[in-house]
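Q: Just dropping this structure here.
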Amino acid sequence: MPRYDLLIVGGTVLDPANSIEAVADVAVSGGRVERVEAEIDRSMAAEVVDVRGCWVIPGMIDGHVHVGGERATWDPALGFRMLALAGVTTGIDFGSTPETLFDGMRRLGSGINVGGLMVLRPGSTIPRDDPPPPEVRDIVANALRRGALGVKIIGGYDPFTPEVTADVIAACNEQRAYVGYHVGTKETGSRMDGMREVPGLVGNGRLHVAHVNAYTRGSIADPLEECAEALDILTAKKGQYNSEVHQAIPNGTSGRCDDDGRVMADVARNCLRLRDYSTDVEGIRQAIRDGYASVIREKYGTIGYVKYGEAMAIFDELNTDCPLSFPVNLPASAFLLTTGRDSDGDFVIDAVASDGGSHPRNINIESAMALVRFGALSPMDMAVKLSYNPSRMFGLTNKGHFSPGADADVTVIDPAAGKAVSTFVAGKAVLVNREVAQSGGTILTTARGEASARNSGLPYEVVDLSESKLYAGFAG
Ligand SMILES: [Zn+2]
């Protein structure tokens, strides 16, 4: 009888939690890591996978993805496969409902672990946009019961008043529910003014500030000054925020206009203003004609961007209620926000996340590897940003490291190509030869969502968010 199920041999192991940066073998049994050592006897394993020349990191955890919900021009569940192909072993969906997320995982899951935040969309996932505090508490409790890890406030689309926004944050904190925030209230926007409002909304509480780079596009000041200010805001309340930054230039937004032809989403209006387009139907049409606005759509089983005539036809056919993308995220902002450190030498922004999944921008590894080649991140920093820190953010204490007994989630990177070449989830190969070898997946939920997760028929794992960095040392 072989002693190990799997032996991943010959790669350079990058395990920041255990300070291992060395060529080593990783032995796996029963879905868990057993040992990491310089040379483990090959004959002791049922299967040996040779990854010489590659880097081996604890499975990549993408802390901001979109694989749930419903979209007019694509099936978000296609994102499960897109994530697996990009080397992700665990993803956190930032804005759907537990039901659509679990349904998508049953239909098109790729064997990865996924938990989700329920999006707060008045008239759709919640009844109205001005719920009083008791109703807010019920909304949060209900999201947890349905299997979500918490909720997501989408200030760039359906902003609340500052009071309601603060109430949602407080209710999540009270119930130890995860709370993700796309900044902006009825008094500010999805910009630096929304970012400036964050400390007042969070008070002494805790909050995940989503995709910080999306607020440093130069809408209010010079983008580099906006980055410095964003880093200062986050540093001033160190320990109270989780945050991430994505690296892709294209964003994702909605072209939807009201009956008077005015663009409804604050994000889309900001994109138009950045290049002096009018914030109405005609402004969008001109931006499509000029190739500035693209339409996001499903094509040939994957999701991509289309432009010009094809984009215009979809925009018109959907009567403006159409997913759009603008090339508004600045590489300079992504660079500064990803590499920025505080006076203790800690990263200000915890993680690199994609805001991808079904959005075609799953480039975490490619961009982090580019920063490694550039000398802006060390290989260990990369493992911190892609795996260790996100594991702490969400209380995934058994992930993000290779200690004995850790979940055998592994991402193998070819440093020459700057890409993931294989992954394992609980010791099972998921990404193999540029294809996805698994289906389904494991739901991440809290103890309060266990019954719903069980009813989904999918395997699930219970996460204790009081163990997360978000709630570390939180007594409120
Ligand atoms: Zn997002």
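Q: Do the conditions hold for residue 159, that is, is it farther than 21 Å from residue 240 by Cβ and free of Cβ contacts under 8 Å to residues at least 60 places away in the same chain?
A: Answer is no for this residue.
Q: Considering the range 431-462 alone, what residues qualify as being in contact with a helix residue (DSSP H, G or I) (Cβ under 7 Å, 6 or more places away or on another chain) and of a type in the set (Ser, Thr, Tyr)?
A: Scanning the range 431-462 gives 445, 446, 452, 456, 460.
Q: Could you identify the single residue in 126, 112, 61 that is more than 15 Å from the ligand (Cβ to nearest atom) and surrounded by fewer than 24 Cβ atoms within 10 Å (Cβ to Cβ)?
A: On inspection, the qualifying residue turns out to be 126.
Q: Please find, within the range 290-349, the residue that is most open to solvent (accessible area, probe 1.4 Å) out of those that are at positive phi, of a type in the set (Gly, Ala, Ser) and in the same structural domain as residue 262 (by TED's automatic domain parsing).
A: Filtering the range 290-349 for residues that are at positive phi, of a type in the set (Gly, Ala, Ser) and in the same structural domain as residue 262 (by TED's automatic domain parsing), the one most open to solvent (accessible area, probe 1.4 Å) comes out as 301.
Q: For the subset of the range 235-274 comprising residues that are crowded, with 20+ Cβ neighbours inside 10 Å and of a type in the set (Val, Ile, Thr), which member is farthest from the ligand (Cβ to nearest atom)?
A: Selected residue: 263.
Q: All but one of (1) buried (at least 20 other Cβ atoms within 10 Å of the Cβ); (2) of a type outside the set (Lys, Arg); (3) more than 17 Å from residue 268 (Cα to Cα); (4) under 23 Å from the mean Cα position of the chain (by Cα) hold for residue 142; which doesn't?
A: (1)
Q: Only one of (1) more than 29 Å from residue 69 (Cα to Cα); (2) open to solvent by 50 Å² or more (accessible area, probe 1.4 Å) is not met by residue 384, so which one is it?
A: Result: residue 384 fails condition (2) only.
Q: With respect to residue 69, is the statement that it is within 16 Å of the ligand (Cβ to nearest atom), open to solvent by 10 Å² or more (accessible area, probe 1.4 Å), assigned to a strand (DSSP E or B) and within 23 Å of residue 214 (Cα to Cα) true?
A: no
Q: In the range 8-24, what residues are within 13 Å of residue 382 (Cα to Cα) and either open to solvent by 30 Å² or more (accessible area, probe 1.4 Å) or outside any strand (DSSP E or B) (or both)?
A: Scanning the range 8-24 gives 16, 17, 21.
Q: Inside the range 81-103, can you point out the residues that are within 16 Å of the ligand (Cβ to nearest atom) and on the phi < 0 side of the Ramachandran plot?
A: 82, 83, 86, 88, 91, 92, 93, 94, 96, 97, 100, 101
Q: Of all residues in the range 158-214, which are closer than 19 Å to residue 148 by Cβ, assigned to a loop (DSSP other than H, G, I, E, B), within 16 Å of the ligand (Cβ to nearest atom) and open to solvent by 10 Å² or more (accessible area, probe 1.4 Å)?
A: The answer is 158, and nothing else.
Q: Another one. Residues that are in contact with a Gly (Cβ under 9 Å, 6 or more places away or on another chain), buried (at least 23 other Cβ atoms within 10 Å of the Cβ) and within 16 Å of residue 149 (Cα to Cα): does the range 426-443 have at least one?
A: Checked the range 426-443: at least one residue is in contact with a Gly (Cβ under 9 Å, 6 or more places away or on another chain), buried (at least 23 other Cβ atoms within 10 Å of the Cβ) and within 16 Å of residue 149 (Cα to Cα).
Q: Only one residue in 458, 444, 470 is assigned to a loop (DSSP other than H, G, I, E, B), of a type in the set (A, V, I, L, M) and not assigned by TED's automatic domain parsing to the domain that holds residue 210. Which one?
A: Going through 458, 444, 470 in turn, just one is assigned to a loop (DSSP other than H, G, I, E, B), of a type in the set (A, V, I, L, M) and not assigned by TED's automatic domain parsing to the domain that holds residue 210: 458.
Q: Could you tell me whether residue 363 is under 20 Å from residue 297 (Cα atoms), within 16 Å of the ligand (Cβ to nearest atom) and of a type in the set (A, V, I, L, M, F, W, C)?
A: yes
Q: Among the residues of the range 215-231, which ones are part of a helix (DSSP H, G or I), charged (D, E, K, R) and free of Cβ contacts under 8 Å to residues at least 40 places away in the same chain?
A: Matches in the range 215-231: 225, 229.
The values are calculated or read from the model by the stated rules, or taken from the named source; none is laboratory data. Remember, it's a predicted structure, so these values are computed and weren't measured experimentally. Every residue, glycine as well, gets a Cβ built from its backbone with ideal geometry; the counts of neighbours run over all protein chains shown. Accessible surface is based on the protein model in full, side chains and every heavy atom, while ligands, DNA and RNA are left aside. Shrake-Rupley method; radii C 1.70, N 1.55, O 1.52, S 1.80 Å.
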